[in-house]
Amino acid sequence: MDSSHHKHYHDEEFDPKGLVDAYCCSENFPLIDETVGFPLKKMHEIFSSGRVRGDTMIDISAGPTVYQLLSASDIFKEIIVIKCTEPSIQEFKKWLKKDPGAADWSYASKALCELEGNREEWQVKEDKVRRAIKQVVKWDVSKDNPIDHVVLPQVDCVLSLWVLQAISKDKEAYRSNLKKCASLLNIGGHLLLFGALNAKYYMIGEHKFFFLSCDEKFLREALRDAGYIIENVDVLPSRRGCDFIDYEHFVYIIARKEREV
């Protein structure tokens, strides 16, 4: 299927709970070490190292994902969560309120506690995240100013997991979204960016969704143009084939905001 016919992240048929149930919450998913294990390990490394610190962080990530915040709550007193669809916001709030039927993040929470030497029970870890989250805000993909309905402070860290390639229809839009993320950062603040290289699509149920295909060279150029200095790049090759998602590598980039653009 040509990518121009793929559905988009903000399509009405996007199922946020289906996304996380399929890719993040089951140890039976064949790529769970890549979709969950890789980000968990990298978040644990960066936040335990002391390289990225501060008081407030903004998270702009795919669907109603929680696992990327588990380590962050040990560092940041306040976390502002931005979601790009209303269904993702509603699903995320179910987890915040411990509503029945919310996504079960115990797999990721237990895995992180093991990385940390089991210092805390996983339920304690999740509750710490809930206490740190101060706002849940809508990013309106259709607007040039996607959060014009709320005033947010510039923060010490922006974390973005998978979502920028899902919401950017082309490379120019991706560059624009990177700059919008930069506008939320203090000078000297860090962007922690997860993406996929040479990706083609991902699936939720029977629906195939668009994912912007780009390589490492493009990401490096786009980050520099958006005012960032790249401090580190880690690339994880895909180790197994899977019909639900098609990509060549996952990539994790640490970039520091050098200037306003």
Being more than 16 Å from the chain's Cα centre (by Cα), surrounded by fewer than 19 Cβ atoms within 10 Å (Cβ to Cβ), farther than 18 Å from D140 by Cβ and of a type in the set (D, E, K, R) narrows it down to one of E86, E121, so name that one.
E121
Out of the residues in region 49-77 meeting the condition of being among the hydroxyl-bearing types (S, T, Y) and in a helix (DSSP H, G or I), tell me which one is farthest from the chain's Cα centre (by Cα).
S49
Looking at I32, I80 in this structure, which one is at pLDDT 95 or above and either over 25 Å from L152 (Cα atoms) or under 16 Å from the mean Cα position of the chain (by Cα) (or both)?
I80
Inspect all residues belonging to region 210-228 and state whether any of them is surrounded by 15 or more Cβ atoms within 10 Å (Cβ to Cβ), farther than 24 Å from H8 by Cα, in contact (Cβ under 8 Å) with a residue 40 or more places away in the chain and in contact with an Asp or Glu (Cβ under 9 Å, 6 or more places away or on another chain).
yes
Without any contact (Cβ under 8 Å) to a residue 24 or more places away in the chain and of a type in the set (D, E, K, R) - does that describe any residue in region 3-11?
no
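Matching residues to (1) assigned to a loop (DSSP other than H, G, I, E, B); (2) crowded, with 22+ Cβ neighbours inside 10 Å; (3) under 14 Å from the mean Cα position of the chain (by Cα):
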| residue | (1), (2), (3) |
| --- | --- |
| L164 | no, yes, yes |
| A173 | no, no, no |
| I187 | no, no, no |
| G195 | no, yes, yes |
| A199 | yes, yes, no |
Residue set I46, I82, I89; condition assigned to a strand (DSSP E or B), in contact (Cβ under 8 Å) with a residue 12 or more places away in the chain and touching a strand residue (DSSP E or B) at 6+ places or on another chain (Cβ under 9 Å); output residue I82
Please go through region 96-109 and give me each residue that is surrounded by 15 or more Cβ atoms within 10 Å (Cβ to Cβ) and either in a helix (DSSP H, G or I) or over 20 Å from the mean Cα position of the chain (by Cα) (or both), ordered by number.
L96, Y107, A108, S109
Scanning region 12-29 for residues that are touching a Ser or Thr at 6+ places or on another chain (Cβ under 9 Å) and in a loop (DSSP other than H, G, I, E, B), the one modelled with the lowest pLDDT turns out to be F14
For region 205-261, which fully contained strands (runs of 3 or more DSSP E) count at least 3 residues that are over 26 Å from D156 (Cβ atoms) and in contact with a Leu (Cβ under 8 Å, 6 or more places away or on another chain)?
none
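The values are calculated or read from the model by the stated rules, or taken from the named source; none is laboratory data. Every value quoted in this text rests on a predicted model; they were computed, and no experiment measured them. Glycine also receives a Cβ, built like all others from the backbone with ideal geometry; neighbour counts cover every protein chain displayed.
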